[in-house]
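Before any comments, here is the structure.
Bear in mind that the values in this text are calculations on the coordinates, not laboratory data. Remember, it's a predicted structure, so these values are computed and weren't measured experimentally. So basically every Cβ, Gly included, is an ideal-geometry build from the backbone, and we count neighbours across all protein chains shown.
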Amino acid sequence: MDIDLAQYATIDNLKILGGAVAALILVGVIGSFFLKKIRDENDNFLKVFYRNLFNPVKYLVIVTVLFTAVKQIEAEWVENPAIGQGYTIVLIFLMAWLVFNLINAFGDLILKRFNIDIKDNLNARMVHTQIRVVSRLLKAIVAIIAVAAALMTFDEIRSLGVSLLASAGMASIVIGLAAQKTIGNFFTGLQIAITQPIRLGDAVVVEGEWGWIEEINLTYVVVKIWDWRRLVLPISYFVDNPFQNWTRRTASIIGTVSLYLDYSMPVEPLREELDKILEQTDLWSEDVKVVQVIDASEKTMHIRILVSAVDSPTAWDLRCFVREKMITFIQENYPEHLPKLRTELEGEIYGQKVEDLSDGHSQQG
């Protein structure tokens, strides 16, 4: 009796594939059970890791089980080196994805402890800036390593790498010149993460524009201007150029209101009115309130009002509020003390003395 070995081989191959599918189904059932338990738990730690690691781990298991099963199949195409190479490349990128998400998971766990939406958020913004910049730097390193490892699976690329190592002197010079800007940005980002001249949410004045630090990326920083425009600057700008950071140490800030009034205006009523105005609003932080005459010109005296607020946007609203109320107060109570233009005439006009014209005008009135 003739035995069809090919038939038995096919049956064995089907058994192997069936076993692999059964193993995947079993792993899926067990995984679903534990995932349901995790979703029902109130533990943020487990939920963060579930959200970040579920997909890469799932595909790692699927690819590994399928490749292991395929290697057990008795067929000529299984011995093709491209299959092993393909599996290695897929495994490299899946592992990189897993490391990416591990970085995200640890970052999320740390950031959950620091709420950036509260008023006094200086410490929170410091931590958010450090975590985001460092995580992006780590991801860039992981991506470079993953791509390099995948390319090294090709014999041609590996041979090229050996050739480059043989001429390391010239190669290092060429690569150094080509990557100078990239490496500079890398170390600038690391420097900003450590020294923190800027942080997420900082109020800054750059290039004559006032706004907030919205994004800090590996190579550039996005500043959200007060009118919602975005100013994009290279990250090295904040190391190489001077700029104003209004919230470097604290979010609190002092706002300024300027008034130009006639010399006859008494100052004390303005101080009393400022007290009444500040009692009407929650914008004032109750730290600073000052009314001073800081300058005097030939036409007016310059009165400056200083008021404090918890942050820059609140200070802007408080300045506008105080300015409007003060102008209304002066209009209603001291309109005669608004700025005047005084002119004194001497000599003759049309053959008559100015004094005579003035006297004649008074008699007619």
Discussion item. If residue 244 meets every condition in (1) in contact (Cβ under 8 Å) with a residue 24 or more places away in the chain; (2) surrounded by 12 or more Cβ atoms within 10 Å (Cβ to Cβ) apart from one, which number is that one?
Written reply: (2)
Worksheet item: In segment 209-241, what residues are in a loop (DSSP other than H, G, I, E, B) and loosely packed, with under 14 Cβ neighbours inside 10 Å?
Response: 226, 227, 228, 229, 241
Practice prompt. Looking at (1) surrounded by fewer than 15 Cβ atoms within 10 Å (Cβ to Cβ); (2) touching a strand residue (DSSP E or B) at 6+ places or on another chain (Cβ under 7 Å); (3) part of a loop (DSSP other than H, G, I, E, B), find the lone condition where residue 250 falls short.
Written response: (2)
Fill in: Subset of segment 295-316 [acidic (Asp, Glu) and surrounded by fewer than 19 Cβ atoms within 10 Å (Cβ to Cβ)]
295, 298
Worksheet item: Which residues, taken from segment 275-317, are over 14 Å from residue 256 (Cα atoms) and in a strand (DSSP E or B)?
Response: 295, 296, 301
Practice prompt. Output the number of the condition that residue 278 fails; it satisfies all remaining conditions of (1) closer than 15 Å to residue 204 by Cβ; (2) touching a Phe, Trp or Tyr at 6+ places or on another chain (Cβ under 6 Å); (3) among the aliphatic types (A, V, I, L, M); (4) surrounded by 14 or more Cβ atoms within 10 Å (Cβ to Cβ).
Written response: (1)
